[in-house]
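Undergrad: Please find one structure pasted underneath; my questions will follow.
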Amino acid sequence: MSVKLPVWDPLVRLFHWSLVAAFVANAFFTRSGKEVHQWVGYAVAGLIALRLIWGLVGTRHARFADFPPSPSAVLGQIGDMATGRRRRHEGHSPLGALMIYNLLLTMAGLAASGYAMTTLAFFGVGWVEEAHEVLVVWAEISVVVHIVAVVLESRRLGVNLPKSMVTGYKTFR
């Protein structure tokens, strides 16, 4: 018997896929320093601001209180993975929560450093450009790890996690 639970509200899903589109656009289709690249960066900043607000006042699984960073929970999930135990997480799993916080901070840092490079105070300043470049590489690594983890956890748990971010529902068997 399978159970279908509503998990991701429309705003969370719109945020997720909009951030994906913005990151892909700036990573592969726009040129650094060009106006379109900057506007996409502003959109990322706006998305992050919206998600921070929604993380405080949104629906149950959108709220940061639903997935607090917890070392013991992370170790528990790693233990589950090592022993083959399948524990159901309606919202973000502990490791998933860490990745969400990582990606939010990384994208915010990218937006902030990218904006700083357009200001008179920081235009051409080496450490700001280097910070932006390091954050780009970190974001790319994080995105790859995120995708691999989603695929592996989907298979391990028998829950189609990508589908849930499209439909808003997780189906547990």
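Undergrad: Across the stretch 85-116, which residue is nearest to R51 (Cα to Cα) among those that are in contact (Cβ under 8 Å) with a residue 24 or more places away in the chain and more than 14 Å from the chain's Cα centre (by Cα)?
TA: Narrowing the stretch 85-116 to residues in contact (Cβ under 8 Å) with a residue 24 or more places away in the chain: 86, 88, 90-104, 106-112, 114-115.
Now narrow it down to the ones that are more than 14 Å from the chain's Cα centre (by Cα): 86, 88, 90, 111-112, 114-115.
Values: R86: 29, R88: 25, E90: 19, A111: 14, A112: 16, G114: 19, Y115: 19 Å.
The qualifying residue nearest to R51 (Cα to Cα) is A111.
Undergrad: So is E129 over 22 Å from S18 (Cβ atoms), among the acidic types (D, E) and without any contact (Cβ under 8 Å) to a residue 60 or more places away in the chain or not?
TA: Details: over 22 Å from S18 (Cβ atoms): yes; among the acidic types (D, E): yes; without any contact (Cβ under 8 Å) to a residue 60 or more places away in the chain: yes.
Answer is yes for this residue.
Undergrad: A49 versus (1) within 14 Å of the chain's Cα centre (by Cα); (2) of a type outside the set (D, E); (3) under 17 Å from V136 (Cβ atoms): which is the lone unmet condition?
TA: That leaves (3) as the condition not met.
Undergrad: Could you check the stretch 118-132 and list, in sequence order, the residues that are assigned to a helix (DSSP H, G or I) and surrounded by 12 or more Cβ atoms within 10 Å (Cβ to Cβ)?
TA: Within the stretch 118-132, the subset assigned to a helix (DSSP H, G or I) is 126-132.
Scanning the stretch 118-132 gives V128, E129, A131, H132.
Undergrad: Further, regarding this structure: Tell me, yes or no, whether the stretch 30-47 has at least one residue that is within 25 Å of V144 (Cβ to Cβ), among the basic types (K, R) and free of Cβ contacts under 8 Å to residues at least 40 places away in the same chain.
TA: yes
Undergrad: Here's a follow-up. Return the residues of the stretch 1-16 that are surrounded by 12 or more Cβ atoms within 10 Å (Cβ to Cβ), part of a helix (DSSP H, G or I) and touching a residue at least 24 places away in the same chain (Cβ under 8 Å); say none if nothing qualifies.
TA: Keep residues of the stretch 1-16 that are surrounded by 12 or more Cβ atoms within 10 Å (Cβ to Cβ), which gives 5-9, 11-16.
In the following step, the residues that additionally are part of a helix (DSSP H, G or I) were identified as 11-16.
Hits for the stretch 1-16 are L11, V12, R13, F15, H16.
FYI, it's all coordinate maths here, none of it is from the lab. Owing to the predicted nature of the structure, the values given are computational and were not obtained by experimental measurement. Every residue, glycine among them, receives a Cβ derived from its backbone with ideal geometry; neighbour counts consider all protein chains shown.
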